[in-house]
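Single-structure report; data block below.
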Amino acid sequence: MSAHAEFFQLILGVILFLTLATVLGEGLRKMFTGEGATSFIDSYSARVTSWWGMVVLLAIAFIFGRGGVVVLFALISFAALREFLTLTAKTRADHWSLLLSFFVILPLQYWLIYIDWYGMFSILIPVYAYLFLPIASVLRGEAEGFLRRVAETQWALMVTVFAASHVPALLSLDIPGVEGRQILLIAWLVIVIQSADVLQYVWSRLFGHHPVVASLSRSKTWEGAAACVASGVAVGVLLGWLTPFALWQTALLAGLVTLMGFMGSLVMSAIKRDKGVRDWGHLIAGHGGFTDRLDGVVFAAPVFFHVIRFFWGA
């Protein structure tokens, strides 16, 4: 079976699963009417709704192949970068660095991925953007809050562009025996992380008693984190046919990316708490912005990419 046939078979399975999840949410809404139950069901339904959006976008992008996937994540990065930088402190002195970030560095990063220039896309942001963006700001002569302003821009690029770009970069991996099937690795990664995220929320609400960091989030508990990793491993193994790995390797990778995704969501929660906001944006109705959906993926994708490249790359 070809990679495209397997992918669309997977999409049909996910659509069936989401249909059942949607029906379950509506059933729960009719059965339970208490304030606490309603809040839980609303959040659950919002996560399922955001899943529908992601499935549609990924399916459309995959129809257009490598270019479609790269363009999709470039647009997502653009929206996420805008959300991130909207919450940061900026002055007129930062206009040049912002223009460079949005209209030079971001498209160049994804262009390098499209043409598969690993040596440059892996250092463009952590080396060249890191060094030249502060120069663009300092030439405007505004020293007040300079370090904070520059650091926030660098962080925004690292999280929303550099880290996120490692998802489409999976298409460039040269893995013996997997030629033309790398697109399935993207599907596996996104489904495992997002499934674990939803299940973490459910497990924490049902069984969680000990928050990992109480000052950041009461909904992220140690019990939920353990169940999150276990759920991620289970989902990853069930979808192991999408990967070229042995069963135990798939389980280890699923546990790794799930754990990284969970810790990434904690880090991003700390940033939101520092900025005094609940969500990064409002582009996804009822469930925040693109950055809220990316938080787990951006921390997991680079680790996933480099582990595979190191151990399985040709």
Exercise. For residues in segment 47-91 being of a type in the set (S, T, N, Q) and part of a helix (DSSP H, G or I), which is farthest from E144 (Cα to Cα)?
Worked result: T49
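If I filter segment 76-92 down to residues being touching a helix residue (DSSP H, G or I) at 6+ places or on another chain (Cβ under 9 Å) and either closer than 16 Å to I15 by Cα or surrounded by fewer than 16 Cβ atoms within 10 Å (Cβ to Cβ) (or both), which single residue comes out as modelled with the highest pLDDT? Break it down into steps so the answer makes sense when it comes.
Taking segment 76-92 and keeping what is touching a helix residue (DSSP H, G or I) at 6+ places or on another chain (Cβ under 9 Å), we get 76-85, 87-91.
Within this subset, residues satisfying the condition of being either closer than 16 Å to I15 by Cα or surrounded by fewer than 16 Cβ atoms within 10 Å (Cβ to Cβ) (or both) are 89, 91.
Details: A89: 80, T91: 84.
Result: T91.
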For this session: Within segment 238-250, identify whether any single residue is within 22 Å of Q9 (Cβ to Cβ), among the polar types (S, T, N, Q) and either in contact (Cβ under 8 Å) with a residue 12 or more places away in the chain or in contact with a His (Cβ under 9 Å, 6 or more places away or on another chain) (or both), and answer yes or no.
Result: yes
Problem set entry | Scope segment 106-165; condition over 27 Å from M260 (Cβ atoms), among the aliphatic types (A, V, I, L, M) and outside any helix (DSSP H, G or I); matching residues | I115, L139, A143
Exercise. D174 versus (1) in contact (Cβ under 8 Å) with a residue 24 or more places away in the chain; (2) crowded, with 19+ Cβ neighbours inside 10 Å: which is the lone unmet condition?
Worked result: (2)
For this session: Go through the residues of segment 41-54 one by one and say whether even a single one is under 22 Å from the mean Cα position of the chain (by Cα), within 30 Å of G141 (Cα to Cα) and hydroxyl-bearing (S, T, Y).
Result: no
Exercise. Does A234 count as over 16 Å from the mean Cα position of the chain (by Cα) and not in a strand (DSSP E or B)?
Worked result: yes
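The values are calculated or read from the model by the stated rules, or taken from the named source; none is laboratory data. Fair warning: this is a prediction, and the values are worked out from it, not measured in the lab. No Cβ is skipped: glycine too gets one built from the backbone with ideal geometry, and neighbour counts run over all protein chains shown.
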